[in-house]
Amino acid sequence: MSNDFIGNVKGEPSDGDRKVILVADDSHLVRSIVVQSLRSEFDVLQAENGRQVLDILQTRTVDLLILDLAMPVMDGRETLKLLRKSGNGTPVIVLTGEVRTSVIGEVLMEGVEDYVLKPVTPAEIRRKVRVVLKLETEEIDRPESDILLVDPVPVVAKKLKRHLPRDIEIKQAHDFSAAVEACRAFKFKVILVDMQIPEIGGAGLASQLRILQPGISVFGLYVRDINTGKADVLHNGFDGHLFKPFESSRVKELLKSNLGRAVAEPVSVEANKIILNDYPRPKEQRQAYAVRLRQESIDGVKIIAGACFETVILDLSIPPPREILLSYLVYLHRACSNIGLSIFVVADDEVKNLIKTTGDTASLEVFETLPEAEARTAEIEEFEEDETEEDETEEDETEEDETE
């Protein structure tokens, strides 16, 4: 093994400051790429299989192990298990051509700082090594986002959004790979991880995401009918937890403590749009909310009328409780009619079907998306402008005829 050590031939650090890295891969080509990428800054050891890794680590300490998963004699997974079982906590970066989340997930559960997908590139190797050895931090020019939701069920993000102000941004990842890619692409303020993530589980995924986003707050998502206490949350390394279905009060606490945000008022007014934001979940608070919702909506209608709009777009993407929805719509519809405003509603199919069940609201036009309602408003305004222009042209022609 005369070529196992590249850098300082005697195996002693040349100046006391150089970190020592052990690269284990059965491919001479891969080892060469990694060694050439690192040798100018680090002392580099080489091994062809897991058995050689264990032999080397019996005689000396290294600062980082770069470990291929697929090797003869002893593969990377077996090597890692034996190391951790013996109490060896050397930081590890895994090299792998395997993209299945089940395989990567198993390795992550053994304690890995990061992984590199083959084919490797010198720039990526150098960057990841320097980050793991804390010689530099991850790039800080990633765009910011508010919440990363890691949950395999697509509708969960929509349900969570109903408890949040409209300007809070949620990005949802459905599996391990998508979550890792999201953390590489964005800098988040909070990460919510479902405890039932397939193959790796919530705790394993959370530990990996913390590596990619150091210092971030991570919350576990638990089903409400399980017996989850503070000990379980702390054991899994979470900063807190939320139950599914979501509780509005718990989501508000999360916002205040981690995003520095308070939940928005019931109504926002933008141009000719009245947008419903949030509502209290406890039933005892809903009566006061209903009164406040009506008053603020009427104030919004007056603002819209004062700006000379002739249509109101009511955005019910976050609908109020079912028991007050119809009465609120009837009230607002009459208020708009009294001052000559038309009203368009943006709502999902469930709310649309409810609107169509009563004669007082059945005539309302309902759109699936806000852009559709805005396009309909633009059509009406354009039509009215065309009519006005035609009327003015006819008046001008009449005046000219009378003059002649």
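Tabulated values for the structure
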{"quantity": "Per-peptide average of other Cβ atoms within 10 Å, ordering 150-163, 23-36 highest first", "calculated": "23-36, 150-163"}
{"quantity": "Net charge contributed by nearby residues that have their C-beta within less than 13 Å of THR121 (K/R +1, D/E -1)", "calculated": "+3"}
{"quantity": "Chain lengthening between CYS308 and GLU365 when straightened (0.36 nm per residue, less Cα-Cα)", "calculated": "18.4 nm"}
{"quantity": "Net charge of Cβ neighbours under 10 Å - reference VAL73; Lys, Arg +1; Asp, Glu -1", "calculated": "-3"}
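Bear in mind these aren't lab numbers, they're just calculated from the coordinates by the rules spelled out. All figures in this text were calculated on a predicted structure; none of them were measured in a lab. No Cβ is skipped: glycine too gets one built from the backbone with ideal geometry, and neighbour counts run over all protein chains shown.
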